[in-house]
Amino acid sequence: MPLPSPKGKQDKNSYISSCMGNNTMKSEFPKQTQRYAVCQSKWKKSKEYAKGQITWDDNEVDGENYLIY
């Protein structure tokens, strides 16, 4: 299952709370500290992407399996 992403204008606290309680997140990241770090990272990257500060580069993918947050 995909990991949760911020929805629209969802504020940070609301997103972090829903991300931390998500069943997929709980099963993939059983340690609360690890889950919190992943949620924080997804929040930050979603805001950077929305502002055009980061982009996806297909050249970074070399055919291996990756889990992107």
| said: Quick check: with the 1.4 Å probe, what order do 27, 46 take by accessible area, largest first? | reply: 27, 46
| task | Heads up, I need the accessible area for residue 33: 1.4 angstrom probe, whole protein in place, Å², nearest 10. | result | 110
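The values are calculated or read from the model by the stated rules, or taken from the named source; none is laboratory data. As the structure is a computational prediction, the values presented were derived from the model and not from experiment. Protein only, heavy atoms only, side chains kept; ligands, DNA and RNA dropped before computing areas. Shrake-Rupley method; radii C 1.70, N 1.55, O 1.52, S 1.80 Å.
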